[in-house]
Amino acid sequence: MKLYRVRFLPDNLTVRVEDGTDLLRAAAQAGIELRSHCGGEGTCGRCAVAVKSGAAELLPGFVPRALKGQGLVPACRTLVRGDLDVEAPQSSRVELHQVLLDRGGGPGALSESAISRRYRLDPVVRKVELQLEPPSLTDSRSDLARLLAALKAAAGVEGATIELDALRRLPRALRDGGWRATALVFGPRPPRVIDVAPSLKASYGLAVDIGTTTVVTLLLDLETGATIDRRGTYNRQARFGDNVITRIIHAGETPGGLDELRQAVVDTINGLVRQGLESRSLGASDVGAVVVAGNTTMTHLFLGLPPDHIRLEPYIPVAATFPVVPAGQLGLIAHERAPVLCLPAVASYVGGDIVAGALATGIGEAKGVELLIDIGTNGELLLGNREWLMTCACSAGPCFEGVGITSGMRASPGAINRVDIEPQTLEVRLSTVGGAPPAGICGSGLVDALAKMRRAGIIDRAGTFQLDRPPRCRVAEDGPEFVLAWGEGESGPSRHDVVVRESDVKNVLRAKAAMFAGVRVLLRAANLAMKDIERVWIAGAFGNYINVPDAVRIGLLPDLEPERYTFVGNASIKGARLGLLSRRALEDAAVLARRMTYLELSAETTFMDEFMSGIFLPHTDLSLFPSVRD
């Protein structure tokens, strides 16, 4: 097979790829992640690049008219047939994701310290320093017997077993250390010795949230429980599609596709871990345990389990509880025998992330009825208390994370997160994440924008544009749009303007309708009314900035008093953190998963009726939103 050189501009990065490789894969090989919402099917037009010189074969594929006029082609449908120079514009790249701080100790926020108070520090892996009695002619116990006796005496560890690899190293470790040794012990029950050495530094652990769009890691000191490093970035699986269905299809129908997806997420995690360890002058062997939370599909792809039947009726995963796997077997940067534990799932579309959220919020211990809303690409809902728990999932799509929106972006610096529109003049006041110049709009900004556009009469209850008042309210090539921020100067069209199009509005309406319909179905199944919900937990990065009154005005959230709402932030990573720091929390997670009754919305005859009723601002039934009606 012939190899050709592909040079990407303006980075000046060069790779050599086989003849017939598409430019989407070539870019990934060069370390450039291009947007690919359709998973390389040539239908979304987001991975557009410009072939500056060389031989390429263009297959049929979609590119927006404006980009086609600039000479751009879809990278996923452009094959390398010779040496190439290719320009990858910034607009086609996946922007770097920045972990947002949760709403700390602010009003209506749930802090890490408040969560941690429910569990005492008892990490899933602990390091035990030992002094053993040396053997003699009158004490002929085996090396293992001495080790187990020392563990019981020093740390009260009883009934422990030992990994074969650790047992093989045991004789030398004990004698090299002069009968002083350090054992790495993994719980909960029965305890297992996974490593023994004269000295071990592995007193750190890793909590991981694998989201469909982003991946977040926390590096923890297992001796103190302190979080010493937190990082996040986009999930590199995104080049295979922006939702779980396109990735499941890629895993099942593309030769080697499952391995590609597994390696992509492992590379994502390792990139974050490497940065975190280097910033603290630590090594891979210092990480003694890993706890992972993610939805069911993400967990399957991380472990390399075939996800094919998750998307096929009757929607059955390979497993809902997962084996403990050594980090070395998965290729993670950690102690090669560090246990990797994935929080249990409930069903195909309710996974370890919602179990982690239940663990973090304590919803399973509540006296009154509480609702957990995890707004992400795959929206998940949990309703209940200490007596019962019901859960479901509704595909909101990635629009609340800025994906599939004309000027959409994740909640990173420059993303518009607050909008106000003066109804008479249509002048806009806005704020951005980090106070940076407007670069796009994130989910919370979209919610604000829709509420204010409706109030100003720009859109009607169906989301259709009603005004043509240039320069902000205008009709562009792709339909009506409203300009939130000018890209150049104070007015005038620019391809860099931050806009909300009618198609974006319809996208958000479908997403919010799915979420609210899910809430209605759960309440009906429990024979409850909206007013019976005593507390609503809002999880996800989206919840960091969401304006509750505006979310109610568009019909995304129930019309309840603001004081009933509590922001959790990233509940998935917080639950994974708890599981890492407390063996009892890990056991509680398993119990919570078993307690949850799953409702499959595709089998619920009322869901589609509720969904269709919700595709209006705020809803067709205004009695559900008295504060908006009034």
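For the stretch 13-22, the Karplus equation 6.51 cos²θ - 1.76 cosθ + 1.60, evaluated at θ = phi - 60°, returns couplings of 9, 10, 10, 10, 10, 6, 4, x, 5, 7 Hz by residue, with Gly and Pro reported as x.
Return a single number: how many Lys pairs in the chain, at a sequence separation of 8 or more or on separate chains, have alpha-carbon atoms below 17 angstrom apart.
6
Here the Karplus curve 6.51 cos²θ - 1.76 cosθ + 1.60, taken at θ = phi - 60°, turns the phi angles of the stretch 121-128 into couplings of 5, 8, x, 5, 10, 10, 9, 10 Hz, with x standing for Gly and Pro.
The calculated FRET efficiency for the pair Glu534 and Asp308, based on their C-beta separation and a Förster distance of 41 Å, comes to about 0.50.
Scanning residues 5 or more positions from Gly82 or on other chains, those with amide H under 5 Å from its amide H are Ala55, with H placed 1.01 Å from N in the peptide plane.
Once C-alpha pairs closer than 8 Å and six or more residues apart are averaged by separation and normalised to the residue number of the chain, the relative contact order reads 13 percent. Going through [x] 191; [y] 163; [z] 267, the figure that equals volume of the Cα convex hull per residue in Å³ as computed for the structure here is [y]. Cβ-Cβ distance of Asp621 and Arg564, R₀ of 25 Å, FRET efficiency by 1/(1 + (r/R0)^6): the value works out to about 0.75. Relative contact order, whole percent, for the stretch 139-237 stands at 18, derived from Cα pairs under 8 Å and 6 or more residues apart. The ratio of the alpha-carbon radius of gyration of the stretch 16-86 to the globular-protein estimate 2.2 N^0.38 Å is 0.99. Taking 7 Å steps out from each Cα toward its Cβ at Ala476 and Lys2 produces label points 4.0 nm apart. Shown is the FRET efficiency for Arg629 and Arg65, computed with R0 = 45 Å from the Cβ-Cβ distance and rounded to the nearest 0.05: 0.65.
Using Cβ point charges alone (K and R +1, D and E -1), the dipole size of the chain about the Cα centre works out to roughly 900 debye.
What's the extension gain from Arg594 to Leu137 if we count 0.36 nm per residue and subtract their Cα-Cα distance?
Values: separation 457, 0.36 × 457 = 164.52 nm, distance 5.32 nm.
Length gained between Arg594 and Leu137: 159.2 nm.
Ranking Val498, Leu581, Leu557 by Cα position along the charge dipole of the stretch 460-582, where only Lys, Arg, Asp and Glu carry charges on their C-beta atoms, puts Leu581 farthest toward the positive end. For the stretch 421-438, the residues whose amide N sits under 18 Å from a probe point set 7 Å from the Cα of Asn547 along the beta carbon direction are 421-436, 438.
Taking amide H as placed 1.01 Å from N in the peptide plane, the amide H of Ala48 sits under 5 Å from that of Ala75, each at least 5 places away or on another chain. Computed over the stretch 267-404, relative contact order equals 19 percent, with contacts defined as Cα pairs under 8 Å that lie 6+ residues apart. For the pair Ala154 and Glu422, label points projected 7 Å from Cα toward Cβ lie 7.2 nm apart. Taking each DSSP H run with n ≥ 4 as -39500 (n - 2.57) and averaging over every residue of the chain yields -8500 deg cm²/dmol at 222 nm. No disulfide-compatible partner, judged by a Cβ distance under 4.7 Å, exists for the following cysteines of the chain: Cys47, Cys76, Cys342, Cys392, Cys394, Cys399, Cys442, Cys473.
The equivalent ellipsoid of the stretch 125-197 has semi-axes of 19, 13, 11 Å, largest first, where each one is the square root of 5 times an eigenvalue of the Cα gyration tensor. Amide H contacts under 5 Å for Arg418: Ser431, restricted to partners 5 or more places along the chain or on a different chain, H placed in the peptide plane at 1.01 Å from N. For the stretch 199-241 versus the stretch 430-509, the spacing of their alpha-carbon centroids is 35 Å.
FYI, it's all coordinate maths here, none of it is from the lab. For clarity, every value in this text was computed on a predicted model and none was experimentally measured. Backbone-built Cβ (ideal geometry, glycine too); neighbour counts: all protein chains shown.
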